[in-house]
Amino acid sequence: MMEEEIPTSSYLLRMIPRSAVEGLGLSYGKFVFSATMRLFIGYLFLINVFLTVVQSDRVLDMFYDMLALNFVAVVDDIAFQLAKVDVMGKHIRNATSSTYFHIEFQKRPFFFRRKMTIFTKLIYVFNLVLFLGGVLAIGVMQRDGYFQCKSVTVTFGEDIWEKAFVEISPGQYDHMVLVYSYFNGVYMQEGKERHEGRPVYREVNKYMNGPWKHPKVGAEIRYCDGAWVFTHPNIMKSNSSEESDCNWLLRSPDTDAYNLLEAPGGWSIWVGVIMDDASIKTTCSGCNTDTDCNLHGQCIDGNCNCRSNAGYYGLQCELEDPCPVIAGDLFNDVWSIIYHEDCEPVQEYGRPVYALIQSDDVRNVTEANMYNVSQDDLITLVFSGSRWFVHNIRSGKNVSFEDREKFAKEYHAFWDRAYYNGTMGVSDPTTKSYPVGVDFYHVGERGPQYGPLGVLYPMQEPPGKGAFRCDNNRTIVAPEGFGSWMTSCHNQSETRVHMDHSHWVTP
């Protein structure tokens with residue numbers, strides 16, 4: 001057995017004197033080297049056992065792994081015994097049966113082996129301290145979440161709860177349409193916060209991946225009552241006080257997994273009733289190699305540094321740089337990315353925000369002005385987790401850019417009601433970084449009989465064409481309500497705008 005190598009080698013070094021080995025005409029150095037190599041092999045086996053123990057999810061798995069190690073360790077002994085009984089031929093049998101040499105060494109008196117005996121005992125004490133200390137250190141690191149992602153990117157499906165019970169302020173409740181994809185984005189661990197021994201992941205700001213400002217509170221993904229759950233303290237199934245501490249909106253199957261990424265699929269979701277097999281995807285937001293950055297950037301200290309000339313951005317350099325100007329064919333409408341004064345694009349959910357800047361008549365874009373659009377209204381294209389929404393912000397051009405910027409930095413599609421009476425259009429679900437090549441629809445009649453998004457009229461013909469195309473060669477002038485820097489920022493932009501995310505908070 002491999003675990004016998006350490007005591008056997010230390011015993012040989014302790015009991016066989018140099019004079020006895022050299023008296024046989026053998027090299028004592030080679031004898032010591034042989035015993036040292038046996039000691040080394042023994043430690044390799046112990047390290048293997050240690051790694052097997054600390055990586056096992058269940059006690060039963062650990063025993064199975066140990067049995068496999070023992071089997072591998074004795075395979076050579078089994079082969080040797082088979083060779084000795086002539087299973088592998090006479091030549092092999094003779095090779096395994098012949099005696100190289102056999103000699104008995106006289107036992108050394110204790111006085112001469114006292115130092116080696118003390119050294120051997122110290123080896124066993126060292127082994128005990130080393131491996132118990134290692135197990136303890138691994139346990140502490142596991143408790144503190146060292147082996148888990150500091151941040152995860154969560155993508156929900158298109159499930160909708162039409163009458164979510166929401167506490168909009170202390171003691172005041174309302175029913176709201178909960179589109180789960182509104183909560184797509186990055187969730188980060190906050191320090192060493194734990195719930196039932198597992199890390200708590202909290203939703204971060206959609207603009208810069210930082211914490212939310214009061215009164216907004218991020219959703220949570222945590223372990224509770226034997227499963228991983230998605231929850232929010234202000235969204236409940238009902239106003240009943242009997243709601244459990246978990247108050248889950250999505251719940252994984254029962255699991256003892258410490259790592260969220262190892263939670264099994266087939267989550268349950270609450271949409272007024274419990275539905276099974278909800279769509280939820282969780283990935284680690286960090287990186288280990290440049291491949292994790294989709295070969296569009298470098299992995300530095302666990303975070304992707306996207307190359308500005310690669311044409312991609314994002315936490316893993318997965319999003320293509322967008323067009324600065326897009327145009328629609330249906331109404332000859334032109335849209336431009338909105339910029340900050342430093343010419344950085346305004347963005348939500350990692351995508352740029354576009355504003356309508358030119359059209360034959362702004363009212364044409366709204367199907368015969370069915371939304372009562374005025375010249376002071378600001379019409380924008382905003383990504384909200386999985387879809388683009390066309391918003392009409394009443395008198396938005398009269399609002400200072402500073403106030404609009406403050407709103408953008410704290411925008412959340414659910415809490416700011418991305419789908420409301422001023423929502424004029426909506427796209428198909430998409431993961432693209434800009435709305436080119438995506439089908440859009442005008443939002444028509446609304447009501448319980450029409451579904452959560454109302455009647456949807458296509459904005460393109462034929463279907464699949466997409467409502468917008470890139471139009472980077474057009475000269476634009478910033479419309480009323482925008483700073484003069486909008487024109488200069490656009491003129492500085494190339495055929496694509498590199499979306500720098502250096503201002504994003506990284507774990």
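The values are calculated or read from the model by the stated rules, or taken from the named source; none is laboratory data. The structure displayed is predicted, hence computed values, not measured ones. Glycine also receives a Cβ, built like all others from the backbone with ideal geometry; neighbour counts cover every protein chain displayed. Quick note on the areas: whole protein, heavy atoms, side chains included, nothing else; ligands and nucleic acids left out. Shrake-Rupley method; radii C 1.70, N 1.55, O 1.52, S 1.80 Å.
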query = Helix 28-55 versus the longest principal axis of the chain: what is the Cα-based angle in degrees, 0 to 90, to the nearest 10?
reply = 40 degrees
note = per DSSP, antiparallel bridges as share of beta bridges in the chain, % nearest 5, sits at 100 percent
inquiry  = Test of understanding: express the Cα radius of gyration of segment 45-95 as a ratio to 2.2 N^0.38 Å, with N the residue count.
reply    = 1.64
message = Could you tell me what a quarter of the Cα convex hull surface of segment 222-345 works out to, in nm² with one decimal place?
response = 13.3 nm²
request  = Quick one: grab the alpha carbon gyration tensor of segment 168-242, order the square roots of its eigenvalues as a ≥ b ≥ c, and give me rounded if a/c is under 1.5, else prolate or oblate depending on whether a/b is larger than b/c.
outcome  = oblate
request  = Kindly give the semi-axes, whole Å and largest first, of the ellipsoid equivalent to the chain, taking each as the square root of 5 times a Cα gyration tensor eigenvalue.
outcome  = 67, 26, 21
ask   = How far is it, in nm, from the label point at F119 to the one at E461 when both lie 7 Å from their Cα along the line to the Cβ?
value = 9.3 nm
request  = Provide Y450, Y441 ordered by accessible surface of protein heavy atoms (probe 1.4 Å), highest first.
outcome  = Y450, Y441
task = Note the angle between two axes, namely the Cα long axis of helix 59-84 and the longest principal axis of the Cα atoms of the chain, as a number of degrees from 0 to 90, rounded to the nearest 10.
result = 40 degrees
ask   = If you count, for each residue, the other Cβ atoms within 10 Å and average over each peptide, how do 424-435, 10-21, 25-36 line up from highest to lowest?
value = 424-435, 10-21, 25-36
message = Using 21 Å as the Cα-Cα cut-off, could you pick out the over-long pairs in K216/K237; K397/K465; K206/K397; K163/K237; K150/K206?
response = K397/K465; K206/K397
query = Which Rg and Dmax, in Å, describe the Cα atoms of segment 85-238?
reply = 31.7, 92
query = What is the gain in length, in nm to one decimal, between K406 and H195 on full extension, counting 0.36 nm per residue of separation less the C-alpha to C-alpha distance?
reply = 72.6 nm
ask   = Just how much of T155 is accessible, in Å², when a 1.4 Å probe is used and the result is rounded to the nearest 10?
value = 60 Å²
Ranked by how many other beta carbons lie within 10 Å on average, peptides 314-327, 186-199 from highest = 314-327, 186-199
message = Just to make sure I understand: if all protein chains stay in place, what is the order of M141, M88 by accessible area at 1.4 Å, largest first?
response = M88, M141
request  = Starting from the Cα of K30, draw a straight line to each of the lysines and keep only those under 27 Å, dropping any in the same chain fewer than 8 residues away.
outcome  = K107, K115, K121
ask   = In terms of solvent-accessible area of protein heavy atoms at a 1.4 angstrom probe, what is the ranking of L130, L356, highest value first?
value = L130, L356
